[in-house]
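Here is the structure we will look at, set down as C-alpha cells.
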Amino acid sequence: MFPDKIVDFIKEHHVLTLAVSDGSDIWCSHAFYTFVEDELLFVITSDDKTRHISLINKNPGLVAGAICLETETIGLIRGLQFKAVADKCDNSLTNRYRLKYLKRFPYAVLKGGELWTLRITEAKFTDNRLGFGKKLLWNEIDGVVK
C-alpha cells in the first residue's frame with residue numbers, strides 16, 4: 001500500500017496530467033480523476049477519439065502522469081509522478097467505477113466518454129515540507145523503497 005502521505009496528497013487534488021506514447025508519437029492531457037485507494041488506481045473518463053486514448057490503445061503499458069501543488073514557496077512544494085497501466089473498463093467494472101467517479105464529479109453525468117483505469121506501478125512523491133527535496137519512492141514489487 002501507499003504511505004498515508006501519498007494517499008492524502010492524491011485525495012487533496014482532482015486533476016492529473018497524463019503522458020502517453022506509442023513509441024513513435026507522444027502526447028499529454030489533463031483529466032479529472034477519482035482515486036480507488038484499495039486498488040491503487042485512478043479512474044478517469046475520456047473519449048475514444050482523443051489523441052491520448054488512441055496512443056493508449058496502441059501501448060497501454062507506456063503511461064505516466066503527475067499531480068502537483070502549485071506554489072511559489074519552495075518549502076511547500078509537493079508533487080506525485082507515476083507510471084501506470086491503462087485499461088478501458090469493461091461492463092463488469094464500469095458501474096462500480098462510474099459510481100465512484102460520479103460521486104466526486106456529479107456534473108460528469110452530462111459528459112460522455114469511456115471510463116479508464118490507471119493502475120499505478122511506480123510512484124515518486126516529493127514533499128519539501130519533510131525536508132528540501134525529500135522523496136518517497138514506491139513500486140508495485142517492493143512497496144516503499146525510500
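Data for the structure
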{"item": "Matching residues in region 17-36 - criterion: being among the hydroxyl-bearing types (Ser, Thr, Tyr), in a loop (DSSP other than H, G, I, E, B) and farther than 20 Å from residue 103 by Cα", "result": "24"}
{"item": "Selected residue [of a type outside the set (Asp, Glu), in contact (Cβ under 8 Å) with a residue 60 or more places away in the chain, assigned to a strand (DSSP E or B) and under 15 Å from residue 35 (Cα atoms)] from 67, 120", "result": "120"}
{"item": "Extreme residue, surrounded by the fewest Cβ atoms within 10 Å (Cβ to Cβ), among residues of region 19-35 that are in contact with a Phe, Trp or Tyr (Cβ under 9 Å, 6 or more places away or on another chain) and within 14 Å of residue 81 (Cα to Cα)", "result": "19"}
{"item": "Of residues in region 2-18 being β-branched (Val, Ile, Thr) and surrounded by fewer than 21 Cβ atoms within 10 Å (Cβ to Cβ), the one farthest from residue 120 (Cα to Cα)", "result": "15"}
{"item": "Hits in region 111-141 (condition: under 15 Å from the mean Cα position of the chain (by Cα) and of a type in the set (Phe, Trp, Tyr))", "result": "116, 125, 138"}
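For every residue, the table says whether it meets (1) surrounded by fewer than 21 Cβ atoms within 10 Å (Cβ to Cβ); (2) among the aliphatic types (A, V, I, L, M).
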site: 37; (1), (2): yes, no
site: 52; (1), (2): no, no
site: 61; (1), (2): yes, no
site: 64; (1), (2): yes, yes
site: 67; (1), (2): no, yes
site: 72; (1), (2): yes, no
site: 75; (1), (2): yes, no
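Residue-wise test of (1) over 17 Å from residue 139 (Cα atoms); (2) aromatic (Phe, Trp, Tyr); (3) over 17 Å from the mean Cα position of the chain (by Cα).
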position: 2; (1), (2), (3): no, yes, no
position: 25; (1), (2), (3): yes, no, yes
position: 29; (1), (2), (3): yes, no, no
position: 40; (1), (2), (3): no, no, no
position: 63; (1), (2), (3): no, no, no
position: 91; (1), (2), (3): yes, no, yes
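Computed from the coordinates by the stated procedures, all read-outs in this text should not be read as laboratory data. Keep in mind it's a predicted model, so treat the numbers as computed, not measured. No Cβ is skipped: glycine too gets one built from the backbone with ideal geometry, and neighbour counts run over all protein chains shown.
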